Amino acid sequence: MPQKTGLGRGLSALIPGNDGAAVEQGGVNMVEVERILPNPRQPRGSMDPAELEELTASVREHGVLQPLIVTPSDADGKYVLIAGERRLQAARLAGLTRVPVVVRPASDQQRLELAIIENIQRTDLSPLEEAEAYRQLAVDFNLSHEEIAARVGKSRVAVTNTLRLLKLPDSVKNALIERRISEGHARALLALSSAAAQTAALRTILSQELNVRQTEDLVRKLSGEKPASRPKPAPAPELTALEERLRSSLGTKVSLRAGRKGGVITIHYYSDEELNALLERLLRD
């Protein structure tokens, strides 16, 4: 599989063991937990309690197996966390006083980019957390959607579509955060022109437990669009072959439609003379 471009590849170089290479002697240091400050640009707003408890149990038994990535802080003797927030929290809960770290220089922008990449690679960010992180890169650091995409290893369309989630009303955002709807539902609601329409559609989605496909149909209906027609299934090959045999024998178009029990044969004719010829053929003793 080809390596991703941008900082998506850089993160693998920052985290020892990610690319299968051995950690260089002296590359990993043990640092007191109290000297590690949280990343102010950390895009993740919450952690799953069950997952954190499971990780804490593993850290308590085996220690922190993968070093955290930190950068020197302006405060003397302190470090700012770049990657490894869950491991740091688990280490604190497990009662560890020191954790393994790799120290790397990083600007404020790089701290945000690397934190986004780590979380995306581990699927730790919710859609709205990811959108807010992209917004920070766009607004605070004046990056275009293409530049963001290159840095985090995503397509420009994916970045743009994720950012659009921030335009949703709070009612829809809360439903997405609480996992009462999926990102697919939220994206479908973006097609509605007003917050009031999106909120009304949300109530229908929740009350009727609509899936994403049904939500898209609902949005088209509310927008005045005709719902997309479902393609008809292709006829069974044996029915097609039988139609051809009947057409060849009777000399006219014949259609077969199978049902659950039996079916319908339709024989077409295009003149009275052709009808009489067909009758003679079908009623022949």
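Some observations on this one:
- When segment 246-285 is filtered for residues that are surrounded by 10 or more Cβ atoms within 10 Å (Cβ to Cβ) and within 30 Å of Arg213 (Cα to Cα), the ones remaining, listed by number, are Arg257, Ala258.
- Scan of segment 166-190 for residues that are under 15 Å from the mean Cα position of the chain (by Cα) and either of a type in the set (D, E, K, R) or not assigned by TED's automatic domain parsing to the domain that holds Leu206 (or both), ordered by number: Arg179, Glu183, Arg187
- Glu243 being of a type in the set (Asp, Glu), surrounded by 12 or more Cβ atoms within 10 Å (Cβ to Cβ), touching a Gly at 6+ places or on another chain (Cβ under 9 Å) and part of a helix (DSSP H, G or I): no
- Identity of the residue in segment 75-92, touching a strand residue (DSSP E or B) at 6+ places or on another chain (Cβ under 9 Å) and in a loop (DSSP other than H, G, I, E, B), that ends up surrounded by the most Cβ atoms within 10 Å (Cβ to Cβ): Gly84
- Test: residue in segment 220-229 that is over 16 Å from the mean Cα position of the chain (by Cα), without any contact (Cβ under 8 Å) to a residue 40 or more places away in the chain, farther than 30 Å from Arg111 by Cα and surrounded by 15 or more Cβ atoms within 10 Å (Cβ to Cβ): yes
The values are calculated or read from the model by the stated rules, or taken from the named source; none is laboratory data. What you see is a predicted model; the values in this text were computed from it and never measured. Because the Cβ atoms are built from the backbone with ideal geometry, glycine has one as well, and the counts that use them run over all protein chains shown.
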